[in-house]
Each structure stands twice: as structure tokens, then as C-alpha cells.
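Below you'll find the structure, written out as C-alpha cells, and then a few comments.
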Amino acid sequence: MTEKSKKWSEEAVATLLSTVGEDSPVSVSSVEKAAEVLGFTTRSIASKLRKLDREVTSMAKEKTSAFTAEESANLEQFVLDNTGTLTYKEIAEQFAEGKFSAKQVQGKLLALELTGEVKAAEKIEIARIYSEAEEASFVSMANSGAFIEDIATALGKTVASVRGKALSLTRNGQITKIPAQKESHAKCDVDPVAALGAAIATMTVAEIATALNKTERGMRTLLTRRGIDVVDYKGSQKKAKAEAKATATA
């Protein structure tokens, strides 16, 4: 009997629902099991479940865990043996010879319900270059529509410094947007990345691009060239890989 000639009888539907159980969304493994039991394709099974108002995990989106069962067990034991003493980054560096990223470790520990055993990462302390009074003036001027250059002049700061501070204030919700700049950013001789200082390590590529009025693609290129690591991009690793490739082809 071909796939097209098969019919969804009441008995087949009952078997389907019994096989997949009450999980929501229905997992890929449950869909595959039902397909094997009923002799339908996984596509037909998923389609039928959706017609029955059941949520089904996308066959394309479900990813196989990066951890084997043994690695998961070893990671669990490693974390329990070092309860509260290691951050996600430190666990990633010390577990399985650095095979997994900090993000992968965090995701796995979340699934294992062990996030409470991980040491909180210390916040990067950034030297305060704006006094409370200057910050208040900054917020007032920015919310009044002042240009970046006007704020820089009033506070005796560089344009790049003001732009970086504006991003910080935007992230904190103290101002609604980064003030406009009168002059082209290209005319500024100050290195904008250097102006962000240590704060750059706590920012995403998108945030840095916004602060410097650059494209995200351009910022990734710059971060790679300088070997700078930020929250969601490892410039140092990209740079090392590019240099290794260049050496190998030389």
C-alpha cells in the first residue's frame, strides 16, 4: 500500500495519539516513532498532528545535543565537584580539554538544572569618567535633543567618549536614543573603539555598531583584525584562525 492510498482511520489516529503521548510540543523522536509504528512518513505524521491542534517540533530546527550521554554525566559530576567555584567560562576552559564553548556549557547545565552550582561571573568594573552631575547634565541635554558635539563641548569630553556614554545610558533606559552628530564620524581622529575602553568586552556586536555608527559586518571585520573579544563574537579566535590559514597557504 502506497503512502497516498493510506487513510487516517479512527484506529490509526488513536494509535498516533497514544504513541506520541501528552508532550507539547511533540518531539522529533516521538514523530519518528509514530511513523515507524504506523508506516507513514514523518512528514505525514507531523502534518496530521498539527491538524489535530498538536504543536510539533520542527524536524529541521531540532538539533542533536553537542554532548554525548557520557559527556553530560561527566559534566554534571565536574560541576558538582566544583560547586560555586567556577564560572561558565572557567568550566568550558577546564572541562573536556576546552571542547565546548561557555554558551554550550551554559545550555547543557540549564537542561541539567545545575545553573545554581555555577559561580556568577564578576562584572567588569569600568572607571567612572563622568561624575553624577555630568551624567545628569548629559541625560538632560540628550533628552532635549542636543547634538553629540554640544554635549561634548559642555562636558569637556571627546565626541567618541560621549558616543560611548550615550550607548551606556541608552542601555540603562536613561535616554531613549543616541544623540545625533552634526559632523561626519569620518572626520573624528579619535579611535572610536579605543574610546569605548573596557566597556567593549561587555557589549554585543550590534551594540558596538550602534555606538560607532558602523555596520555589524564592518565591526566583525574590525574586531577580527584587532583580535578583540566581545559578548557574542570572539575576535581573537577569528584572528588566530585567519593568521594560521595565511601561514599555511604562504
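The values are calculated or read from the model by the stated rules, or taken from the named source; none is laboratory data. All values derive from a computational prediction rather than experimental measurement. Every residue, glycine as well, gets a Cβ built from its backbone with ideal geometry; the counts of neighbours run over all protein chains shown. Surface areas here come from the heavy atoms of the whole protein model, side chains and all, with no ligands, DNA or RNA. Shrake-Rupley method; radii C 1.70, N 1.55, O 1.52, S 1.80 Å.
For a quick check, take a GNM of the chain with Cα springs below 10 Å and name the residue from Arg50, Arg171, Arg163 with the largest mean-square fluctuation.
Most flexible of the set in this elastic network: Arg50.
Loop only per DSSP, at most 16 neighbouring Cβ atoms within 10 Å: give me the trypsin sites (Lys or Arg not before Pro) in the stretch 83-153, ordered by residue number.
Details: sites: Lys89, Lys99, Lys103, Lys108, Lys119, Lys123, Arg128; in loops: Lys99, Lys119, Lys123, Arg128.
Of the trypsin sites (Lys or Arg not before Pro), the ones in loops of the stretch 83-153 whose Cβ has at most 16 other Cβ atoms within 10 Å are Lys99, Lys119, Lys123, Arg128.
Accessible surface of Glu134 in the full protein assembly, 1.4 angstrom probe, to the nearest 10 Å²?
Counting only protein heavy atoms, the figure is 50 Å².
If you average 1/r across every pair of different Cα atoms in the chain and take the reciprocal, what Kirkwood value do you get, in Å? Could the numbers behind the result be given before it?
Working: mean 1/r = 0.0431 Å⁻¹.
After inverting the pairwise mean of 1/r, the radius is 23.2 Å.
Under a 10 Å cutoff between Cα atoms, tell me which one of Ala111, Ala34, Ala136 has the largest fluctuation in the Gaussian network model of the chain.
Ala34
Running a GNM on the chain with Cα contacts under 10 Å, which residue among Val37, Val105, Val162 ends up with the highest mean-square fluctuation?
Val37
Distance check, please: which entries in Lys119/Lys165; Lys157/Lys177; Lys99/Lys239 exceed 21 angstrom between their Cα atoms? Write down the numbers at each step before the final one.
Values: Lys119/Lys165 29 Å; Lys157/Lys177 19 Å; Lys99/Lys239 19 Å.
Over 21 Å Cα-Cα: Lys119/Lys165.
Using the Cα centre of the chain as the reference point, and only Cβ charges (+1 on K/R, -1 on D/E), how large is the resulting charge dipole? Debye, rounded to the nearest 20. Display every interim value, and only then the final one.
Details: 35 positive and 34 negative charges, 244 e Å.
Its charge dipole is roughly 1180 debye.
Using a 1.4 Å probe, how large is the accessible area of Asp23, given in Å² and rounded to the nearest 10?
90 Å²
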